[in-house]
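The values are calculated or read from the model by the stated rules, or taken from the named source; none is laboratory data. Predicted model only: the values in this text are computed from it and were never measured. With ideal geometry, Cβ positions are generated from the backbone for all residues, glycine too; neighbour counts draw on all protein chains shown. For the accessible areas, the whole protein counts, side chains as well, though only heavy atoms, and no ligand, DNA or RNA atoms are used. Shrake-Rupley method; radii C 1.70, N 1.55, O 1.52, S 1.80 Å.
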Amino acid sequence: YLYVIGSTRESGSDGAESWGLDDLIVLDLNDPSNPQKVGGWSGDYLHDVCMHQDILFGCGISSDILHVFDISDKASPVQISSVGNIPSVHACWVSEDGNTLFTASETSGGHVMSWDVSDVQNINLLDLWYPEGGENWSAHNVFVKGNYLFISYYVYGLQVLDVSNPENMLLSGFYDTYNQYVPGAIFNGAWGAFPYFSNNKIAISDRSSGLFLVDFYPDNLVEVQGDINQDGSCDVLDVVFVVSVIMGQASPNQYEFIASDLNLDEVIDILDVISLVNIIVQ
C-alpha cells in the first residue's frame, strides 16, 4: 500500500488522476503500474506520516495536532486519538519497536520531541531537544535507525541523537552543512537526511550548499577497548586478528575495523598492534 498526503487537485497538470482530495489517501499497489484507491480520510492537512504495523501517525502542521489512525482496514482509516499543542508539527518517525514516536516542529523555537506511544490512547511527552543556541531556529525531518535519531536541522545541518533512552535524548554527532548566518532565515540549510544505507553512511541534502555523504560511527560501538573478537576482553586473540589483517589474511567488517583502529588514523597497522599490547600489559 501507498499512503499519499498533500493532494489538492482532482488531477495532475498532465490530466492524470490524483485519486481525489482526501487528506490521507490509501492506494493498493498490487498492480504497481495501476494504483487503485481503496480508502481515505479527511479532517486536517497532514504534512507527514509514519507508521508501525497498523498504526499510522500524521502531522497536522497547521493545526499543531498529531493524529493517530488505525489503518488495519485500508478502506476505512479511523482516527483513534490525537495530541494537540505541538507547534507546527512537521515530521514524525516511530522507533523500530513501535513504542516511541519522535516529532520535529518546523518553526522558530522548534524542538525535537520524544513521545511514549506504547499506549496510543495515552500518549505522553518524554523529552524535548534542540541544539545548543537553537532556541529560535527550526528542525525539519527526523528518521530513526537503531538507537539513533537522524535530524536534518536546517542551519544546524545534520544532528544525530542517541535515543536509546528516549526520556533523555543525547547528542551523539553532527555535521554542519550550512556554515553561514542569515538572521531570521530559519529554513536555510539541511533539508533531508537519509541514514538507511547498509553501511554507516548518511546522505544529507542541503538547500543551499548541495549534497553531502558522511560517515557516522556510534560512540558506543566498541564497548571494551581493543575487544575486536567481541569476547568481552582485550587479549592475545585480538592481537592475532590485527596481525592477520595487516598480513592480508583477514578482511575486517565495520565493527572490527573501528575496534582495531586504536590510534584513529583510519589505517590498521603495526601502531595498532603496539596499542593493543599496551592495553593488555596495563
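A few comments on the model shown:
- Among residues of region 33-55 that are of a type in the set (Lys, Arg), those with a beta-carbon under 6 Å from a residue that is open to solvent by 30 Å² or more (accessible area, probe 1.4 Å) and not in a strand (DSSP E or B) at least six positions away or on a different chain give the pairs LYS37/TRP19.
- Strands (runs of 3 or more DSSP E) contained entirely in region 153-217, each with at least 1 residues that are over 25 Å from SER95 (Cα atoms) and aliphatic (A, V, I, L, M): 210-215
- Among residues of region 1-13 that are in contact (Cβ under 8 Å) with a residue 60 or more places away in the chain, those with a beta-carbon under 7 Å from a residue that is part of a loop (DSSP other than H, G, I, E, B) at least six positions away or on a different chain give the pairs TYR1/LEU29; TYR1/LYS74.
- Neighbours by Cβ (under 9 Å, 6+ apart or cross-chain): first from region 131-149, closer than 24 Å to ALA185 by Cα and open to solvent by 10 Å² or more (accessible area, probe 1.4 Å); second assigned to a strand (DSSP E or B) and among the hydroxyl-bearing types (Ser, Thr, Tyr): TRP137/TYR154; ASN141/SER152; PHE143/SER152
- Residue match in region 44-66 (condition: of a type in the set (Gly, Ala, Ser), open to solvent by 60 Å² or more (accessible area, probe 1.4 Å), assigned to a loop (DSSP other than H, G, I, E, B) and out of contact with any Gly (no Cβ under 9 Å at 6 or more places or on another chain)): yes
- Residue within region 78-93 that is open to solvent by 10 Å² or more (accessible area, probe 1.4 Å), within 23 Å of TYR153 (Cα to Cα), touching a Phe, Trp or Tyr at 6+ places or on another chain (Cβ under 9 Å) and of a type outside the set (A, V, I, L, M) present: yes
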